[in-house]
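Engineer: Supplied in structure tokens, the structure appears directly below.
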Amino acid sequence: MADLILQRLTKHCGNIDPYDIDDYTAAGGFKALTKALLLMKPQEIIDETKASKLVGRGGAAFPTGAKMQMVHDAPNNIKYVICNADEGEPGTFKDRYLMESDPYQIVESIIIAGYAVKAQKAYIYIRGEYDKAIALIKNAIERTRETGYLGKNILRQRFNFDIEVRTGAGAYICGEEFALIESLEGKSGRPRYKPPYPPIAGLWDCPTLINNVETLANLPYIVLNGGKEFRSVGTDSSSGTKLICLSGNIINKGVFEVPFGITLRDIIYSIGQGIPNDKELKMIQIGGASGSCIPPSMLDIKLDLADMRQHDLSPGSGAIIAFDNTRCVIDIVKSLLRFFAHESCGKCTPCREGNPQLYNIINDFSNGTATVDNYKALDSLTQTMQQAALCGLGQASPMPVVSTLRYFKEEYDMHLSGNCPAGICSLDGGQAK
Amino acid sequence: MVEDIIMRHGATEDKLMPILLDIQNSNERHYLKEEDLKTVSKILGIPESRVYSVVTFYSFFSLKPRGKYIIQICDNAPCIVNGAYNVIDDFRRALGIDMGQTTNDGMFTLEHSSCLGCCSHAPAARIGGELYGDLNTDRINSILSELRRQ
């Protein structure tokens, strides 16, 4: 267990008063910022980030150093940093944990990112449901400004920078980078067509570095210890640590910082301590609501981008939801699709129409009116959405259907023949209610 | 009052959401009135149609009066497998209303919510901007009577 859990990003969590800037400073806070501003050129920070092989922790795993380089090299004078704290992926609560337990670290990380890409202003877009995180980050920004780490000529350098908090209003889609940018500009959160990507033309068409909270939180460590040391933990394809969020039918729920490379079995049975109430594990979903659903026979797969990719998996946001053997796969997939049908922004047809249609078909399985032909419809719908949807929401939302059809096909077949093994679906031809 | 809120934020297009959120929060019944939207549209120089489209896009905004306390119950998978449907039933029974409705005394509105990030204490709800986890029948009844007393 000892080497299963590490404390790089979470080392202050629970050990300092999240309101108190002096607590943070006494624990070594702002050392990385001071080193960055006084001893490093922006390009050196980017070079160390590239050397660290850090990739985005929000789900897409894009190389962070490469993204920073694009923003740094973009010719505009006005550039922005956006910290994406619109953590809406169901089953994900790691960014909330980071913001509520160590908000100053996030503020420091954003300033380092701003210095590295030569931006003047940052926004942190926090989802509206996170009342406590919003209050703590606002407080941290004010205290940091009073101390002189934000504002004009920070540490007497020719570097002016400030951070503004913006809050979401209950739209899951705003976690998508361009939807978030549209929302910041005062519009409905609908993704834009790409390219150009945000590093070239983001907020108000200016070069914009947009990163997830956890991604940015790695920067102080990289600045202080270097990219090479960063890679001392993790695997060849996945360096550093990952925050995972354990929830569902599991004994030890919560956020845990783990090194890349441990197995899913370690996560479920050592860290998560297994399944409660003497039940057995039936399925886990990895990466959030649009993640793959896999059976216990696949628990030897490692939390590792390359190993997971071989199995068509991704760590995604770090959410890992366990389901015990009293749960019905069809019922779970139905609830996920209801969510996506509600959260689709409506801009592109594959997602706007595809998600409700997927829901309708899965609903037919759950009320006993599905036929064998529905398999063909599911196949064609999911492929259309994966290939033709505009953004990650519509491309990824079929994943629970695709993966359960691959690994839990017998449950679909049983529902076709009028039998819900968990006894949850009504199978009454849609008569109930 | 709406004018004050706008001036405090600054009358620029990008402040539309924070302005609307503040106006709604300052209303006891947590909703946006038609005349508020018209004022915002006029001062910010944004067409009424676009203000309306933003208001109807984000699920936090309401054009109908709601209760003093909005009870947002999470119904995502981690909460469902820990009893979210029972939580919904308990609230409906205790308040005598359905999801989306407001009690006659104007105290409570029941709403579905997306994941509240409270999965380690599922099932969870957000009530009046506060998170409540590990919900069960007893806890729900005591939360409601506590709020009624306030």
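The values are calculated or read from the model by the stated rules, or taken from the named source; none is laboratory data. These numbers come from a predicted model, not from an experiment. Don't worry about glycine lacking a Cβ; one is built from the backbone with ideal geometry, like all the others, and counts go over all protein chains shown.
Engineer: Out of all the residues in the range B:98-127, which are within 13 Å of chain A (Cβ to nearest Cβ), among the acidic types (D, E) and farther than 21 Å from A:D86 by Cβ?
Structural biologist: Hit for the range B:98-127 is B:D98, nothing else.
Engineer: Looking only at the range A:336-356, filter to residues that are crowded, with 23+ Cβ neighbours inside 10 Å and free of Cβ contacts under 8 Å to residues at least 60 places away in the same chain; which one of those is nearest to B:N82 (Cα to Cα)?
Structural biologist: So the residue we want is A:F340.
Engineer: Please go through the range A:95-104 and give me each residue that is buried (at least 22 other Cβ atoms within 10 Å of the Cβ) and in contact with a helix residue (DSSP H, G or I) (Cβ under 6 Å, 6 or more places away or on another chain), ordered by number. Outline the logic, then answer.
Structural biologist: Taking the range A:95-104 first, the residues buried (at least 22 other Cβ atoms within 10 Å of the Cβ) are A:95-99, A:102-104.
Scanning the range A:95-104 gives A:D95, A:R96, A:L98, A:M99, A:P103, A:Y104.
Engineer: Answer yes if at least one residue in the range B:43-56 is within 14 Å of chain A (Cβ to nearest Cβ), assigned to a helix (DSSP H, G or I), surrounded by fewer than 16 Cβ atoms within 10 Å (Cβ to Cβ) and not hydroxyl-bearing (S, T, Y), and no otherwise.
Structural biologist: yes
Engineer: Filter the range B:60-75 down to the residues that are touching a residue at least 40 places away in the same chain (Cβ under 8 Å), within 11 Å of chain A (Cβ to nearest Cβ) and part of a loop (DSSP other than H, G, I, E, B) and list them by number.
Structural biologist: Answer for the range B:60-75, where residues must be touching a residue at least 40 places away in the same chain (Cβ under 8 Å), within 11 Å of chain A (Cβ to nearest Cβ) and part of a loop (DSSP other than H, G, I, E, B): just B:F61.
Engineer: Test each condition in (1) without any contact (Cβ under 8 Å) to a residue 12 or more places away in the chain; (2) among the hydrophobic types (A, V, I, L, M, F, W, C); (3) under 30 Å from B:I80 (Cα atoms) for A:I250 and report the one that comes out false.
Structural biologist: The single condition A:I250 does not satisfy is (1).
Engineer: Could you tell me which numbered condition A:I251 fails, if it satisfies all but one of (1) over 21 Å from the mean Cα position of the chain (by Cα); (2) among the aliphatic types (A, V, I, L, M); (3) buried (at least 20 other Cβ atoms within 10 Å of the Cβ)?
Structural biologist: Evaluating A:I251 over (1) over 21 Å from the mean Cα position of the chain (by Cα); (2) among the aliphatic types (A, V, I, L, M); (3) buried (at least 20 other Cβ atoms within 10 Å of the Cβ) leaves (3) as the failure.
Engineer: For A:D304, indicate whether it is in contact (Cβ under 8 Å) with a residue 24 or more places away in the chain and away from every other protein chain (no Cβ under 14 Å).
Structural biologist: For A:D304, the condition - in contact (Cβ under 8 Å) with a residue 24 or more places away in the chain and away from every other protein chain (no Cβ under 14 Å) - is met.
Engineer: Among the residues in the range B:1-15, are any within 21 Å of the chain's Cα centre (by Cα) and facing another protein chain (nearest Cβ under 9 Å)?
Structural biologist: yes
Engineer: Continuing with the same structure: Run down B:G83, B:G45 and say which single residue is at positive phi, assigned by TED's automatic domain parsing to the domain that holds B:G129 and not aromatic (F, W, Y).
Structural biologist: B:G83
Engineer: Still on this structure: If you take the residues in the range A:309-329 that are more than 13 Å from chain B (Cβ to nearest Cβ) and more than 19 Å from B:C119 (Cα to Cα), which one is nearest to the chain's Cα centre (by Cα)? Walk me through it before giving the result.
Structural biologist: Residues of the range A:309-329 more than 13 Å from chain B (Cβ to nearest Cβ): A:309-316.
Still in the list and also more than 19 Å from B:C119 (Cα to Cα): A:309-314.
Numbers: A:R309: 17, A:Q310: 21, A:H311: 20, A:D312: 18, A:L313: 14, A:S314: 11 Å.
This residue is A:S314.
Engineer: To continue, here is another question. Of (1) buried (at least 23 other Cβ atoms within 10 Å of the Cβ); (2) in a helix (DSSP H, G or I); (3) out of contact with any Ser or Thr (no Cβ under 8 Å at 6 or more places or on another chain), A:A116 satisfies all except one. Which?
Structural biologist: Answer for A:A116: the failing condition is (3).
Engineer: Could you figure out which of (1) in a helix (DSSP H, G or I); (2) without any contact (Cβ under 8 Å) to a residue 60 or more places away in the chain isn't true of A:D266?
Structural biologist: Of the numbered conditions (1) in a helix (DSSP H, G or I); (2) without any contact (Cβ under 8 Å) to a residue 60 or more places away in the chain, the odd one out for A:D266 is (2).
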